[in-house]
Amino acid sequence: MVISMKPGATKDQIEHVCRRIEEFGYRVHSIRGDERVVIAAVGIGDVTHCLESLEAAPGVESAVRISAPYKFVSREYKKERTQIKVDGAEIGGEEFIVIAGPCSVENEKQILTTAAGVARAGAKLLRGGAFKPRTSPYDFQGLELEGLKLLRRAREETGLSIITEVMSDGDVGLVAEYADVLQIGARNMQNYALLKTLGKAGRPVMLKRGLSSTIKELLLAAEYVTSHGNPDVILCERGIRTFETATRNTFDIGAVPVLRELTHLPVVLDPAHATGKSSLIPPLARASVAVGADGLMVEVHPCPEEAFSDGAQSLTIEQFERMMQDLGPYLKIWKEERAAVAV
Ligand code: PEP
Ligand code: MN
């Protein structure tokens, strides 16, 4: 932390600030300039509480943090990248992972047809919501337990691993029985009771960036899960809310290199929820590979027109197959780059 005193701060005020810093367990280094005194607080302590206290102290102009507010998820804490094994797939490893499936599990035929189609085309995980966080309470809310059972059937038939959303801490145990990866939706990124429970869920978690969340807030949400005992967190950029209306959200693809600098956790991109429009997915899937993400999540439906949710952003199985074929040359370069980084 660096604390700048106001020009003209009194000796008593400066001494008081130094004492407070020490009470919080830090060492004090002060620098006397021509105009003002700047104090550095060094060590480990409750940074947030200390900063808030100092900002309220007389004579203080500003108190700012200089180290990251998260620890377990930071690259300083862990240099090697986190690789998360889910059955045959490894997220954050040597292979670009594609997750595909419908927005919602609707019925047996829909989920089994989609699962078979996306497995054939090269997806490693099947997605599908059984508990749906809908903006309107009148919209389809998901098949809940019935949906989880259908996902299990799809897993048995195709060998695909399952990722599905859990919306409340009370459902974590149930969803973890059926899912290989627990998805936390954008609307729940800051549901701290849920995040704490995930620490003990015994399953990897994919945490989606909140609708209006900063990258720092995303990393702090991941820190909740890791600091409560679960190191296996995948981050997912799914678009953020901006003034732009041409797309459902604004795809912050720049989050990928930013996150790769700040954290060792794998990053997956979701161009479907970012754009809301299926025609935009293939070009943004290419961009996702090129920007160095660890994987991609897309929505696929046998008949998007009939989808209970998110039909406009869902690819047909044929469109998904074509997208996967078109990604081939990009994935080859991705692999070469990964191998070069690993050397
Ligand atoms: C979803 O993946 O179906 C979903 C609801 O996404 P988000 O939480 O990103 O809106
Ligand atoms: Mn959806």
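The values are calculated or read from the model by the stated rules, or taken from the named source; none is laboratory data. Bear in mind that the values here come from a model prediction, so they are computed numbers and not experimental data. Using ideal geometry, Cβ is built from the backbone for each residue, glycine included, and neighbour counts are taken over all protein chains shown. What goes into the accessible areas is simple: the full protein's heavy atoms, side chains included, and nothing from ligands, DNA or RNA. Shrake-Rupley method; radii C 1.70, N 1.55, O 1.52, S 1.80 Å.
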Can you tell me which residue is nearest to ligand 1 (Cβ to nearest atom) among those in region 232-252 that are open to solvent by 60 Å² or more (accessible area, probe 1.4 Å) and not hydroxyl-bearing (Ser, Thr, Tyr)? Arg248
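Condition check ((1) out of contact with any Lys or Arg (no Cβ under 8 Å at 6 or more places or on another chain); (2) open to solvent by 50 Å² or more (accessible area, probe 1.4 Å)) across all residues:
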| position | (1), (2) |
| --- | --- |
| Ser62 | yes, no |
| Val73 | yes, no |
| Ala89 | no, no |
| Gly101 | no, no |
| Lys109 | yes, yes |
| Val118 | yes, no |
Among (1) surrounded by fewer than 20 Cβ atoms within 10 Å (Cβ to Cβ); (2) more than 16 Å from ligand 2 (Cβ to nearest atom); (3) not in a helix (DSSP H, G or I), there is one condition Ser279 misses while meeting the rest; what is its number? (3)
Cβ pairs under 9 Å, 6+ apart, first in region 331-343 and farther than 13 Å from Gly93 by Cα, second hydrophobic (A, V, I, L, M, F, W, C) and open to solvent by 70 Å² or more (accessible area, probe 1.4 Å): Ile333/Ala290
Is it true that Gly311 is in contact with a Pro (Cβ under 9 Å, 6 or more places away or on another chain), away from ligand 2 (no atom under 15 Å from the Cβ) and under 21 Å from Arg238 (Cα atoms)? no
In region 171-220, which residues are of a type in the set (Lys, Arg) and more than 18 Å from Ile91 (Cα to Cα)? Arg187, Lys196, Lys200, Lys216
Set Leu174, Leu182: member being crowded, with 23+ Cβ neighbours inside 10 Å and either modelled with pLDDT of 95 or more or in contact with a Lys or Arg (Cβ under 6 Å, 6 or more places away or on another chain) (or both): Leu182
Somewhere in region 42-59, is a residue closer than 30 Å to Lys71 by Cβ, of a type outside the set (Phe, Trp, Tyr), in a strand (DSSP E or B) and touching a residue at least 24 places away in the same chain (Cβ under 8 Å)? no
